[in-house]
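First up is the structure itself, then whatever we jot down about it.
Throughout, read-outs are computed from the coordinates displayed, never taken from laboratory work. These numbers were taken from a predicted model, which means no experiment stands behind them. Backbone-built Cβ (ideal geometry, glycine too); neighbour counts: all protein chains shown.
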Amino acid sequence: MGVHDPVIDEQTPASDFTIEQRWDRYTTEEHAVWDTLYARQISILKNRAVDEFHHGLGLLDLGSGGIPDLSDINPKLKALTGWEVVMVPHLVPDDVFFDHLANRRFPSGRFIRKRSQLDYLEEPDIFHDIFGHVPMLTLPVFADYMQAYGKGGQRAQTMGRLKELARLYWYTVEFGLIQQAEGLRIYGAGIVSSAGETPFCLESDSPNRIRFDLERVMRTDYKIDDFQQVYFVIDSFDQLLDVTQQDFTALYERLGTDMTRFGLTDIIDADEVYHHGDQAYAQAAAARSRHDADAGETE
Ligand SMILES: C[C@H](O)[C@H](O)[C@H]1CNc2nc(N)[nH]c(=O)c2N1
Ligand SMILES: N[C@@H](Cc1ccccc1)C(=O)O
Ligand SMILES: [Fe+2]
């Protein structure tokens, strides 16, 4: 487990894996880490994140200083879209995660990263979960999509297609881009909570940017330990909700029979390509890790 949090360790989670936030127990330093991350992201997200994201931050007053208290944000969120945030100690099992989403509860980690880990952490903390995910839950169409995903997760599990459905979550909720009149914008939580990936995903020549297609996304691998090599771009949140409202049974059967899967850098004939990346960043990262491995052997 990444960060040690005594307020988590002292609690026995409920059967739905939730714990209490115990907001008064955050330290001054923990609040200061939130403020640092918040200020840094706000300055780079202007004209990069969708307007709906900025609007959501304001509706929930997430920038009022320090780690948000759930008892402040939940009444507001509940009045807007019927969602609420619950605290969980760490990543929860898939079925528990889906059950929360299907009931309009978003599970958030309680702990916050340390100042020495501002840029990278192995598991979602409260900054990623609340700053990254919760503003979009103020938007009714996105709130409905997230609940539908939770219900869909339960179905995908019974049909053995969880891996494919998880790719949809990854390439939309976590790393999604959207084409708006003013240009390409970010809505994915994994991007908006990352200072490095925010400019990278929009402006770097390295990654591919491809128009969203449901089946294409479900056939595409993803990586969890570095910037993405491909992003999928939706036209609108209505489009995203529309295509995912269809019954996935036939699609899941096709995915089971036709095992075609795509790598991170593949471009296929059917793709509508916004940007064909040169993958320079990914190649340099691979060269660095080969170099580190070689150095490790001789040292
Ligand atoms: C697809 C799968 O359900 C997904 O990775 C889940 C698993 N458990 C989780 N648990 C928490 N707390 N947060 C998450 O985002 C997830 N993601
Ligand atoms: N329509 C999907 C459920 C779903 C909705 C929204 C997002 C993801 C999945 C199904 O039939 O299983
Ligand atoms: Fe996330």
Between Asp94 and Glu123, what length in nm is gained on full extension when 0.36 nm per residue of separation is reduced by their alpha carbon distance? 9.0 nm
Counting every Cα pair in segment 220-265, what percent are over 16 Å apart? 60
Simple spin-label estimate for Ile224 and Lys46 in nanometres, 7 Å along Cα-Cβ: 3.6
Packing-based order for 225-235, 241-251, using average beta carbon neighbours within 10 Å, highest first: 225-235, 241-251
Per the Kirkwood definition applied to all pairs of different Cα atoms, how many angstroms is the hydrodynamic radius of the chain? 20.2
Three-way shape label, segment 60-188, alpha-carbon gyration tensor, a/c 1.5: rounded
Loop-only trypsin sites (Lys or Arg not before Pro) in segment 211-274, please: DSSP not H, G, I, E or B, and at most 16 other Cβ atoms within 10 Å. Lys223, Arg261
Kindly provide the helix-only [θ] at 222 nm of the chain, computed as the sum of -39,500 (n - 2.57) over DSSP H runs of four or more divided by all residues, to the nearest 500 deg cm²/dmol? -13000 deg cm²/dmol
Would you mind calculating the gained length between Arg254 and Thr36 on full extension (0.36 nm times residue separation, minus the Cα-Cα distance), in nm to one decimal? 73.8 nm
